[in-house]
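I have placed the structure first, in the form of structure tokens, so that the comments after it can refer back to it.
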């Protein structure tokens, strides 16, 4: 599976890795393994990132989980250890898919990355995507994104 990752995706992944370094496995909250697929207009999204943000309004608190989207649209989440999943409970879901960043040039400030999907999916409060992660059983989610809002079809 080949992955193309934007600079902002690498920053989020690096922050997540730094945040978990030094964590001992004995005091971690319960997680459930999570994976799934992301499509845009019925076709697999071939790159990007999925984030599960704990929904505090529904009693889920703690660390968000992050996973890269592969060329087949599939993802697997990490909260504390690679591939361990997401916190058990309710989450708001964010999908990020951006243009590749141009080659670094220290003389020129890079432009902000351009989203390749509707911007509403890039914010936990506007995506409309949610998931409940359970400790046992299958946590396999399918997120079907649409280029146009349902009201414009």
Problem set entry | Values of log10 I(q)/I(0), in the order q = 0.20 Å⁻¹, for region 69-153 under a Debye, Cα-only, solvent-free model | -1.08
Exercise. Quick one: if you take sqrt(5λ) for each eigenvalue of the C-alpha gyration tensor of region 74-118, what semi-axes come out, biggest first, whole angstrom?
Worked result: 31, 14, 9
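Rule-based calculations on the coordinates, nothing more; no lab input. Fair warning: this is a prediction, and the values are worked out from it, not measured in the lab.
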